[in-house]
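The values are calculated or read from the model by the stated rules, or taken from the named source; none is laboratory data. Values in this document were obtained by computation on a predicted structure and should not be read as measured data. Neighbour counts run over all protein chains shown; Cβ positions are idealised from the backbone, glycine included. The accessibility values were calculated without ligands, DNA or RNA, using every heavy atom of the protein model including side chains. Shrake-Rupley method; radii C 1.70, N 1.55, O 1.52, S 1.80 Å.
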Amino acid sequence: QDQLMESGGGSVQPGGSLKLSCAAPGYGSRTMAWFRQAPGQSREGVAAIVADGSTTYQPSVKGRFIISRDKAKTMLYLQMNNLKPEDTDMYYCAAVPANGMVNQYAILEPYEYRTWGQGTQVTVSS
């Protein structure tokens, strides 16, 4: 059965970089996204990518993060550059339901997604 599995998190200093990966076999035709969540806080959309490659970013990460897929669309990535302490969170990858349509104005809203990975921790501190 297809599952989502994140990896690549870790601890870095401010200004550093990390690349998160999400194994996502069978999700090539679906919109996918990265979310982040701190304890006691609501889940926040970070970046999304649709099947044609179009991307959407949370304003706070635009210009610093890049969401992408491999050519086979079995892997989802989040390249994170110039990391800041405020980026410290658990990061999750997610996919919309099969054949699901996502309103472009809600593409970073967690309620649009039903399939989730278990998360990978990103910590940015000096």
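Within the stretch 7-36, restricting attention to residues that are among the charged types (D, E, K, R) and open to solvent by less than 50 Å² (accessible area, probe 1.4 Å), the residue that is modelled with the highest pLDDT is Arg36.
Filtered by the rule that a residue be open to solvent by 40 Å² or more (accessible area, probe 1.4 Å) and within 15 Å of Gly16 (Cα to Cα), the stretch 75-113 gives Gln79, Asn81, Asn82, Lys84, Pro85, Glu86, Thr88. Selection of the stretch 69-107 for residues being in a loop (DSSP other than H, G, I, E, B), in contact with an Asp or Glu (Cβ under 8 Å, 6 or more places away or on another chain) and either of a type in the set (A, V, I, L, M) or free of Cβ contacts under 8 Å to residues at least 12 places away in the same chain (or both) yields Val96, Val102, Asn103. Within the stretch 48-72, can you find the residues that are over 17 Å from Ser29 (Cα atoms) and either of a type outside the set (S, T, N, Q) or surrounded by fewer than 15 Cβ atoms within 10 Å (Cβ to Cβ) (or both)? Passing the criteria: Tyr57, Pro59, Ser60, Val61, Lys62, Gly63, Arg64, Phe65, Ile66.
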